[in-house]
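Written below as structure tokens is the structure these notes are about.
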Amino acid sequence: MTDSNEIIYASAKTMAQAIRDKEVSAAELVDAHLSRIEEVNPAINAVVQIVADRARAEAAEADAALARGESNGALHGVPFTLKDSIDTEGIVTTGGTMGRKDFVPDADATVAARLRAAGGILLGKTNTPEITYAGETDNLIYGRTNNPFDVSRTPGGSSGGAGAIVCCGGAAFDIGSDTGGSIRGPAHHCGIAGIKPNSGRVPRTGHIVPHSFGAADSLTQNGPMARYVEDLALILPIISGPDWSDPHITPMPLGDPADVDISGLRVAFYAHNGVNTPTAEIMEAARTAASALEGVCASVEEDLPQAIPDNPEISNLLSQGDGQSPARRLLERHGTTEMHEWIARLLERANENVMSVQEYSTALEQVDAYRSAMLGFMENYDVIVCPVSSYAALPHGESMFNEKYKGIGYTATYNITGWPSTVVRAGTSPEGLPIGVQVVARPWREDVSLAVAQHLEGTLGGWQKPPI
């Protein structure tokens, strides 16, 4: 019998196989994860709703089904959590905003329904900043989430609760959302793996930042976060594809990273984006990752897309040019009148940058030109390897509304292009904090991004247990 207290640190793929082989029961695995949450959550405040009784009942059903020779799918019996911005039937889903403090959805979001249909067992919800609009995780309902490697520091945002609990072994995986780096930032800060899929791959139906979000709609993607890259490859096909609600999802084929021959890939890398200077160890991690691909891929060259230094202006045009009107409507829709200081300051700042209709139309043309320039660069490469942020996890509050906040430009670039990007741990800061690198691929080539990330994980070590 497999030790259920150790298997919580295994991959979701390994857990699923152990359940199928009856080395561990779903009930034992659920109990072990709930125990781990109980152990670490007082220190990190990552899980904000727990549905222990329901999870245990579903685990018993999963074990009974397996005894009859039946399987619910690839995730049969595997415990997971979900970011609190994703609707879950019968479970309070706040999105971190006071207007939804007691909101209980009557249906699962598309991604939640698909994971449960594949046999996954939901343990609870993970913390997020208000309507996911911050690079740190704090809100007026549940408070602040802490980093498992140093509780005085941020786990990132907006999927900070997801990153923290997955890192600690309290969940096999979670689903984050990413508008400017909200999957990749927490993956970097917490030392796990995460992928922002290509724009148009995974439905946003049932997410607090909905589909049909105007000019900024293509920025937000849902994607898996896990300790191991192989789990991103396992989960992504389960949650992908049209749901006949999100109008932007395209039925594009999703390749298998196991079929990718990375020896033929042309790799570009940069350690500095020409705007925000990373710490020395962040730049070293990017160079180490590039070195790990030399002699393995067809070519590895240091090369920076000429358009990238324009990113801060382009990001500002999209998010501030209309005065953050979609976010304002979202708060009004949910009846929020009392806001966290971060969202209040964000909206106040947006008031200073409101454009006329003509100016905003011109700005959208600039965004398209930026995308075109980036695409032209990618004609010569298959993969870009670069930092995730300018910094490892900072002390709470230090990354908001100051120069350090601009470090998000490393991820936001690829929200604008819409390309897939996987983060995997590639180093450690002098303070013992994780450092991730970003593996960006051509449009719709998540399989290439994942294949390269898996090679880096195997070469550089990937996830490590936190001290907590």
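Mean projection of the alpha-carbon convex hull of region 172-316 over all orientations, in nm²?
Orientation-averaged projected area of the Cα hull: 10.1 nm².
Of the listed peptides 69-77, 8-16, 149-157, what is their order by residue-averaged count of other C-beta atoms within 10 Å, with the highest listed first?
Descending packing order for the listed peptides: 149-157, 8-16, 69-77.
Can you give me the span-like helices of the chain, meaning DSSP H runs with 27 Å or more of Cα extent along the axis and Kyte-Doolittle mean at or above 0.0?
Correct list, ordered by number: 357-378.
What Cys residues in the chain have no fellow cysteine's beta-carbon under 4.7 angstrom?
C168, C297, C386, each lacking another Cys Cβ under 4.7 Å.
Longer than 24 Å from Cα to Cα, which of K101/K125; K13/K83; K101/K196; K125/K465 are they? Say none if no pair is.
Cα-Cα > 24 Å for K101/K196; rest within.
Which whole-percent values make up P(r) of region 55-100 when all C-alpha to C-alpha distances are grouped in 5 Å steps starting at zero?
Histogram of Cα-Cα distances, whole percents per bin: 5, 18, 21, 17, 13, 12, 8, 4, 2, 0.
Quote the Stokes-Einstein diffusion coefficient, in whole µm² s⁻¹, for region 382-468, based on the Kirkwood radius over alpha carbon pairs, a temperature of 37 °C and a viscosity of 0.692 mPa s.
Answer, rounded: 235 µm²/s.
Using modelled backbone amide H atoms (1.01 Å from N, in-plane), which distant-in-sequence or interchain residues come within less than 5 Å of A193's amide H?
A226, R227, Y228
Let's see if you can work this out: charge +1 on each Lys and Arg Cβ, -1 on each Asp and Glu Cβ, no other charges. What is the dipole magnitude of region 345-467 about its Cα centre, in debye to the nearest 20?
Rounded to the nearest 20 debye, it is 320 debye.
FRET efficiency for E332 and D106, Cβ-Cβ distance as r, R0 = 35 Å, nearest 0.05?
0.95
Keeping the other protein chains in place, figure out the carbon and sulfur percent of the accessible area of region 145-299, with a 1.4 Å probe.
55
Can you return the aspartates and glutamates within cross-link range of K22? Criterion is Cα-Cα under 18 Å, with same-chain partners fewer than 8 residues away left out.
Result set, ordered by chain and number: D3, E6, D31, E58, E61, D63, E70.
Using +1 on the beta carbon of Lys and Arg, -1 on that of Asp and Glu, and nothing else charged, what's the dipole of region 222-295 about the Cα centre, debye to 20?
Magnitude of the dipole: close to 240 debye.
What does the highest-first list of 257-263, 439-445 look like by mean Cβ count within 10 Å?
439-445, 257-263
Can you list the residues, at least 5 places off or on another chain, whose amide H is less than 5 Å from the amide H of T126, using H built in the peptide plane?
V48, L82, K83, D84
Principal axes first, then extents: for the Cα atoms of region 99-180, list largest minus smallest coordinate on each axis, whole Å, largest first.
Principal-axis extents of region 99-180 (Cα, largest first): 38, 31, 24 Å.
Based on the Cα coordinates of region 1-100, what is the per residue volume of their convex hull in Å³?
Taking only Cα atoms, region 1-100 has a hull volume of 107 Å³ per residue.
Considering only protein heavy atoms, with the full assembly of protein chains and a 1.4 angstrom probe, order E446, E61 by accessible area, largest first.
E61, E446
Mean projection of the alpha-carbon convex hull of the chain over all orientations, in nm²?
That works out to 19.9 nm².
Suppose the chain between E284 and A65 were pulled fully straight at 0.36 nm per residue; how much longer would it get relative to their current alpha carbon spacing?
73.9 nm
Tally Lys and Arg at +1 and Asp and Glu at -1 over the other residues with C-beta under 14 Å from the C-beta of L346: what net charge comes out?
-4
Quick check: convex hull of the Cα atoms in region 189-270, volume per residue, rounded to a whole Å³?
Dividing the Cα hull volume of region 189-270 by its residues yields 151 Å³.
Just to check, using Stokes-Einstein with a Kirkwood Rh over alpha carbon pairs, what's the diffusion coefficient of region 276-349 at 37 °C and 0.692 mPa s in µm²/s?
Answer, rounded: 201 µm²/s.
Can you find, among H455, L346, G255, the residue farthest towards the positive end of the dipole of the chain? Put +1 on the C-beta of Lys and Arg, -1 on that of Asp and Glu.
Checking the options against the dipole of the chain, the answer is L346.
Using a simple charge model, +1 on the beta-carbon of Lys and Arg, -1 on the beta-carbon of Asp and Glu, nothing else, what dipole does the chain show about its Cα centre, in debye to the nearest 20?
It works out to roughly 260 debye.
Output wanted: per-residue J couplings in Hz (rounded whole) for region 120-128, from phi through Karplus 6.51 cos²θ - 1.76 cosθ + 1.60, θ = phi - 60°, x for Gly and Pro.
Coupling constants for region 120-128: x, 10, 7, 8, x, 10, 10, 5, 8 Hz.
How big, on average over all directions, is the shadow cast by the Cα convex hull of region 311-468, in nm²?
12.1
The values are calculated or read from the model by the stated rules, or taken from the named source; none is laboratory data. Owing to the predicted nature of the structure, the values given are computational and were not obtained by experimental measurement. Please note: Cβ atoms are built from the backbone with ideal geometry, for glycine as well, and neighbour counts cover all protein chains shown. These accessible areas exclude ligands, DNA and RNA; they are computed on the full protein's heavy atoms, side chains included. Shrake-Rupley method; radii C 1.70, N 1.55, O 1.52, S 1.80 Å.
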